[in-house]
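Accompanying notes for the structure given below.
The values are calculated or read from the model by the stated rules, or taken from the named source; none is laboratory data. Treat the numbers as computed from the prediction; the structure is a model and nothing was measured. Cβ sites come from the backbone with ideal geometry, for glycine too, and all protein chains shown count toward neighbours. Keep in mind that these areas ignore ligands, DNA and RNA; they rest on the heavy atoms of the full protein, side chains included. Shrake-Rupley method; radii C 1.70, N 1.55, O 1.52, S 1.80 Å.
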Amino acid sequence: MNDKPTGDKPKSPGADLTLEQIEEIVTRAPFHKWLGLKVIAVHDDGIELKATWREEWVVNPDRRYTHGGILAALVDLTADWALVSKTGRGVPTVDLRVDYHRAAMPGNLVAHGKVVKFGSAIAVAEAYIYDESGALLASGRGVYSTAPAQVPKAS
């Protein structure tokens, strides 16, 4: 028996999840379903999502641009789910910053999330939201709690 360490890193909780399994986890939330989220790609350090445009996103019926809260939500959830390959789950947001670059007009949105730093208690991830032509609409950075999930005790 060889008791020497092999140097292999332990697998992350989400390392073996398929794209379909991740989409099932992501779209379990009713808000994510309402956003029409589809998981396009998952990488060790990020994720790509698509949000299907809805008329309810419009904040100004005359100008027809999307409410900034939709873009902020997409920044938050995309940065959060960029961590899924390492966490296997969504994690709580500790802090979030969003920058708006241009108005989002009617049409599907594409979101790219990337892990900046992953730690055992805190992680940092970025997200970029694009329209279908590839124009950057919003970007941001979030800080997330990666501490192990606590199961509530039965009373």
So if I check each of Gly119, Gly69, Gly113, Gly107, which one is more than 14 Å from the chain's Cα centre (by Cα) and within 18 Å of Gly134 (Cα to Cα)? Gly107
Answer residue from region 86-100, given it is not in a loop (DSSP other than H, G, I, E, B) and not acidic (Asp, Glu) and is nearest to Gly46 (Cα to Cα) among those: Lys86
Of the residues that make up region 84-102, is at least one at pLDDT 95 or above, open to solvent by less than 30 Å² (accessible area, probe 1.4 Å) and not hydroxyl-bearing (Ser, Thr, Tyr)? no
The condition of being in a loop (DSSP other than H, G, I, E, B) and either more than 23 Å from Arg28 (Cα to Cα) or out of contact with any Cys (no Cβ under 8 Å at 6 or more places or on another chain) (or both) holds, among Ala147, Ala127, Ala111, Ala138, only for Ala147
Residues in region 111-119: is at least one under 15 Å from Lys50 (Cα atoms) and touching a Ser or Thr at 6+ places or on another chain (Cβ under 6 Å)? yes
Somewhere in region 21-29, is a residue modelled with pLDDT under 90, farther than 26 Å from Ser133 by Cβ and not in a helix (DSSP H, G or I)? no
Suppose we filter region 50-80 for residues that are farther than 16 Å from Tyr100 by Cα, open to solvent by 50 Å² or more (accessible area, probe 1.4 Å) and of a type in the set (A, V, I, L, M, F, W, C); how many remain? 1
Reported set for region 50-63 where residues are part of a strand (DSSP E or B) and closer than 19 Å to Gly113 by Cβ is Lys50, Ala51
Of everything in region 39-49 that's part of a strand (DSSP E or B) and more than 11 Å from the chain's Cα centre (by Cα), which residue is surrounded by the most Cβ atoms within 10 Å (Cβ to Cβ)? Ile40
